[in-house]
1. Below 25 Å Cα-Cα, how many Lys pairs turn up in the stretch 143-259? Only count pairs eight or more apart in sequence, or on different chains, if you could.
2. Can you tell me the FRET efficiency between Lys117 and Gln276 if r is taken as the Cβ-Cβ distance and R0 is 25 Å, rounded to the nearest 0.05?
3. By how many nm would the segment from Gln105 to Phe9 lengthen if fully extended, with 0.36 nm per residue of separation less the alpha-carbon distance?
4. Mind jotting down the distance between the C-alpha centroids of the stretch 208-253 and the stretch 43-102, whole Å?
5. At 0.36 nm per residue, minus the direct Cα-Cα distance, what do Lys22 and Asn234 gain on full extension? Give it in nm, one decimal, please.
6. Cβ neighbours within 10 Å, averaged per peptide: list 119-126, 135-142 in order, most packed at the top.
7. Using only DSSP helix segments of four residues or longer, with each worth -39500 (n - 2.57), what per-residue ellipticity at 222 nm results for the chain after dividing by its residue count and rounding to 500?
8. For the stretch 158-310, rounded, prolate or oblate, judged on the Cα gyration tensor with a ≥ b ≥ c (square roots of eigenvalues), a/c < 1.5 rounded, else prolate if a/b > b/c?
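The values are calculated or read from the model by the stated rules, or taken from the named source; none is laboratory data. Please read these numbers as outputs of a predicted model, since none were measured by experiment. All Cβ positions, glycine included, derive from the backbone under ideal geometry; neighbour counts span all protein chains shown. Note: areas computed on protein heavy atoms with side chains; ligands, DNA, RNA excluded. Shrake-Rupley method; radii C 1.70, N 1.55, O 1.52, S 1.80 Å.
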Amino acid sequence: MNALLKIYFLLPHDKTLGIFSKAFNRLSAKLIKGILDGTVPRYFLKTQAEYPKGFNDIKRDKEVIISLTSFPGRIKDVWLVVECLFRQSYKADRIILWLSSKQFQDAKIPQSLIDQKSRGLEIRFVEDDLRSHKKYFYAIQEFSSSILITVDDDVFYHKDVINTLMSAHTLHPNDVIANRAHKIRFEKNGKIRPYRKWVINCKSPNSSFLHVPTGVGGVLYPPNSLSLDLLDVNVFKQLCFHADDLWLKAGSLLTNTKVFITKKYRQEFITVGETQRIKLVASNSLGGENDIQFRNVCEFFELDNLERFR
């Protein structure tokens, strides 16, 4: 799996191939997804005994917490994502999966996921269904002095994803670190351009306030890099319930924290199994919901003058 993913991330996934880039990207991702979906589950089950423990138990100055969430429509495949996290070259101190007790009253948690608890996975049930916001909401309160790494529940993670984040953190200890991010762009009049016209998968070598991490690739938040204003449930439910990435971006702006992008994983990540049957990309990005939500958030936090960060 890791060898195939390494090759995939080395492929020219930008505009190197001109008008053929988009078609090439989709074809290569579809081909590799088919191979991974067909081989990785069996391989993971066959080799689990080689990885009896998926977490670090040597004391560190700061704990490294990996936090994610999921819902019934994806829960069947989440064990594969957890397995990827267990097999990282840099192991976290804790891996926590937050689930809504309301959502799982009648939904069964697969045994394949329950089995991961014996190897270090923590499954925490919370009362409210805060959707994707669950992946940070409880963790930043309980582990305020720890390094928090949020990940999504629907992709195959290369074994060096966490190590890449931690290595960049060593060089940029005060920045949010993202393996994949976009960059806000502006019109000539200073107005923020639509989300679809931002710099997608930005390749800037410098930290910036204008980089917006996309959670799918993994995002590292050092202690105190997110404002506790993010914890107002009523506000984010009203303004930004379907775009936790944009809400988190506002949280780092409120603490004057820049974002540094690593160089390794800026392409689209390969999705796991059938996790994409339910997704928000179409309505958020193509339908303009991201623009509405980000505008609402900026107005609420008085961040509408982002041009000053250029």
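1. Close lysine pairs under the 25 Å cut-off: 20.
2. So, using R0 = 25 Å, E works out to roughly 0.45.
3. Extra length from Gln105 to Phe9 when fully extended: 30.6 nm.
4. Centre-to-centre distance over Cα atoms comes out at 22 Å.
5. Net length gain for the segment: 72.4 nm.
6. The packing order, highest mean first, is 135-142, 119-126.
7. -9000 deg cm²/dmol
8. Because its axes are fairly even, with a/c under 1.5, the stretch 158-310 counts as rounded.
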